[in-house]
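Below is one structure, written out as structure tokens; the observations come after it.
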Amino acid sequence: MEQILNPLQTSLGRLKMNSPVTVASGTFALENLDFIVQEHLGAYVCKTITRYPKKGNPPPRLYETEAGLLNSIGLQNPGLDKFIAEDLPILRKTLTVPLIVSFSGASLNEFEQMLECLENQEGISGYELNVSCPNVENEGITFGIDPDVVYKLCALLSPLTNRELIVKLTPNVTDIGVITKAAEDGGATAISLINTIWGMAIDYRNGMSMLKKGIGGYSGIGIKPLALALTYRAAQAVKIPVIAMGEFITGRMLWNSFGLEHL
Ligand SMILES: Cc1cc2nc3c(=O)[nH]c(=O)nc-3n(C[C@H](O)[C@H](O)[C@H](O)COP(=O)(O)O)c2cc1C
């Protein structure tokens, strides 16, 4: 019988993917897979895991603006041990597409320890390093804004794994090309961007922020031009694959961008 070719089939390093579409970390709980056919996904990226559990920020921590979403979830997650003991078995059982584990450390050493733990686990095809978090060794300055730190992190982790090593970059930097190149030079196998940009909304009635924490991360429809510009710059700076994200609020928008209105 003639084999029907899937025109969206692609690869990311050694990963074979049904499509170039992955979910963005933190936006897509496993339950949402009911709404989307897995065969249309290239990979599943889980919510960022940290070494220790995080309760997240106090509410309100989501606010829908006229043009996109503000969030200050604060990386709420069960921590690495519970993720491995409870979430990973469910992910392994449920997913038919490659699993990419997003994680974040508070120091280079913590990133390294987390990777070593995850390396002992089956069913993981790759990692996405979330470098949009403060580095305790570097006066709390966000990892992802310092090219030297991004280089050191990638150079430390890349020899420890044969799995895909994606670095997810923050857009809150002056020159995305320099940071992207630092990740590639350090041994990252792919780049993903953009994480959320700083944003805020004020309640005109009382002058207070709509988010308890004040400033949050802005995502969704309003960030598309910025996401495209930074993706373009990043792709010019490196040879490794660049995974773009920013704007998508519905599955339909996503499929439409591939000209696949019918899916
Ligand atoms: C509620 C929420 C939670 C998020 N959590 C994470 C996270 O845990 N790790 C991460 O790397 N990015 C996280 N992000 C950022 C998204 O993965 C994505 O980079 C960003 O939202 C831009 O894409 P979009 O405009 O298509 O949503 C989160 C975004 C939102 C809206």
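We did not get these values from a lab; they are worked out from the coordinates using the rules stated. All figures in this text were calculated on a predicted structure; none of them were measured in a lab. Don't worry about glycine lacking a Cβ; one is built from the backbone with ideal geometry, like all the others, and counts go over all protein chains shown.
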How charged is the neighbourhood of VAL97? Take every other residue with its Cβ under 11 Å from the Cβ of VAL97, and add Lys/Arg as +1 and Asp/Glu as -1. 0
Dipole of the chain, Cα-centred, from +1 at each Lys and Arg C-beta and -1 at each Asp and Glu C-beta, to the nearest 20 debye? 340 debye
Distance between modelled label sites at LYS239 and LYS16, nm, 7 Å Cα→Cβ extension: 2.5 nm
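Work through the residues other than GLY26 whose Cβ is under 11 Å from its Cβ and net out their charges, Lys, Arg +1 and Asp, Glu -1. Could you put the intermediate results ahead of the total?
Working: positive: LYS47, LYS168; negative: GLU128.
Value of the local net charge: +1.
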Sequence neighbours fewer than 8 away in the same chain don't count; with that in mind, list the lysines whose C-alpha is under 24 Å from LYS213. LYS47, LYS54, LYS55, LYS168
Under unit Cβ charges (Lys, Arg +1; Asp, Glu -1), what dipole magnitude, rounded to 20 debye, does segment 35-143 have relative to its Cα centre? 360 debye
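Could you calculate the contour length gain from LYS224 to LYS212, that is, 0.36 nm times the residue separation minus the distance between their Cα atoms, to one decimal place in nm?
Working: separation 12, 0.36 × 12 = 4.32 nm, distance 2.57 nm.
Going from the current span to full extension adds 1.8 nm.
Please work out how much length the chain gains when fully extended from ASP148 to LYS93, using 0.36 nm per residue of separation minus the C-alpha to C-alpha distance, in nm with one decimal. Please report the intermediate quantities before stating the final value.
Numbers: separation 55, 0.36 × 55 = 19.80 nm, distance 3.87 nm.
In short, 15.9 nm is gained.
When the Kirkwood radius is taken over all Cα pairs of segment 41-167, what Stokes-Einstein diffusion coefficient follows at 4 °C and 1.567 mPa s, in µm²/s? Write out the running numbers ahead of the final one.
Working: Rh = 15.5 Å.
Roughly 83 µm²/s, to the nearest whole number.
Just subtract the alpha-carbon distance of GLU64 and GLN121 from 0.36 nm times their residue separation and send over the number in nm, one decimal.
On the way: separation 57, 0.36 × 57 = 20.52 nm, distance 3.74 nm.
Answer, rounded to one decimal: 16.8 nm.
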When Lys and Arg each count +1 and Asp and Glu each count -1, what net charge do the other residues less than 13 Å away from GLU116, Cβ to Cβ, add up to? -1
TRP198 and GLN113 label points (each 7 Å along its Cα→Cβ direction) are spaced in nm at 3.1 nm
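For segment 1-74, state which GluC sites (Glu not before Pro) are in a DSSP loop and have at most 16 other beta carbons lying within 10 Å of their beta carbon.
On the way: sites: GLU2, GLU31, GLU39, GLU64, GLU66; in loops: GLU2, GLU66.
Those satisfying the criteria are GLU2, GLU66.
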Loop only by DSSP, 11 or fewer other Cβ within 10 Å of the Cβ. Give me the GluC sites (Glu not before Pro) in segment 136-191 that pass, ordered by residue number. GLU139
Using every pair of alpha-carbon atoms in the chain, split the distances into 5 Å bins beginning at 0 and state the percent of pairs per bin, rounded to integers. 1, 6, 12, 17, 20, 18, 14, 7, 3, 1, 0, 0, 0, 0
Dipole axis of segment 88-229 (+1 Lys, Arg; -1 Asp, Glu on Cβ), positive-most option in VAL149, THR174, PHE111: THR174
